[in-house]
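What follows is calculated from the coordinates using simple rules that are stated; it is not laboratory data. Predicted, not measured: the structure shown is a model, and the values here were computed from it. Note: ideal-geometry Cβ built from the backbone for every residue, glycine included; neighbour counts use all protein chains shown.
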Ligand code: CMP
């Protein structure tokens, strides 16, 4: 599921990948600012707002074939792909750096709608529900970007059903 927005495009992705090559054992405020600032979804947030998100975010690594999100489970986090590739099982969707997932269970409180597995070494930023809602309130554009993605997904599914 894509998360491009504003001036974001394929040309921004290599810089995010370059940023991710550093060690994330002890991220500094500067590390967080650079990475969050490079994410298209957060392009409209101020440095202060990004700092607030960074305080609640975690960097998590997954090995190839590892399950990141399991269908049917309760969800309390939102994920942003920072490095690697992941697959939405049964939906033939490949997720790349800059893409997000896990928003549905946070929006409607329902169970995870699909399983997502790493297809390479993956690094994600995991945001707890509280930080996700905080970011949504801080920048209405984030909600709009998420709605665009949901609308695109409905159209895609409708096309698949009527094909
Ligand atoms: P959530 O239901 O919280 O957890 C599984 C995630 O998979 C879901 O949020 C979306 O982010 C993603 N997802 C579910 N269905 C699709 C789809 N058809 N296309 C792309 N991504 C999807």
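Structure notes:
- Anisotropy class of region 80-163 from Cα gyration tensor, a/c 1.5 cut: oblate
- Spin-label model, residue 147/residue 58: points 7 Å from Cα along the beta carbon direction are separated by 3.2 nm.
- The GNM of the chain, with springs linking C-alpha atoms under 10 angstrom apart, assigns the highest mean-square fluctuation among 109, 44, 84 to 109.
- Our helix-only sum for the chain, with -39,500 (n - 2.57) per DSSP H run of n ≥ 4 divided by its residues, gives a mean residue ellipticity at 222 nm of -12500 deg cm²/dmol.
- 0 to 90° range, to nearest 10: angle between helix 129-138 axis and the chain longest Cα axis: 80 degrees
- Overall dimensions of the chain by Cα: Rg and Dmax, Å: 15.1, 50
- Within the listed set 30, 96, 47, the Gaussian network model of the chain (springs between alpha-carbon atoms below 10 Å) gives the highest mean-square fluctuation for 30.
- With Cα atoms, 0 to 90° folded angle of helix 29-38 axis to the chain main axis: 40 degrees
- With a Förster radius of 45 Å applied to the C-beta separation of residue 119 and residue 30, the computed FRET efficiency comes to 0.90.
- 0 to 90° range, to nearest 10: angle between helix 47-56 axis and the chain longest Cα axis: 70 degrees
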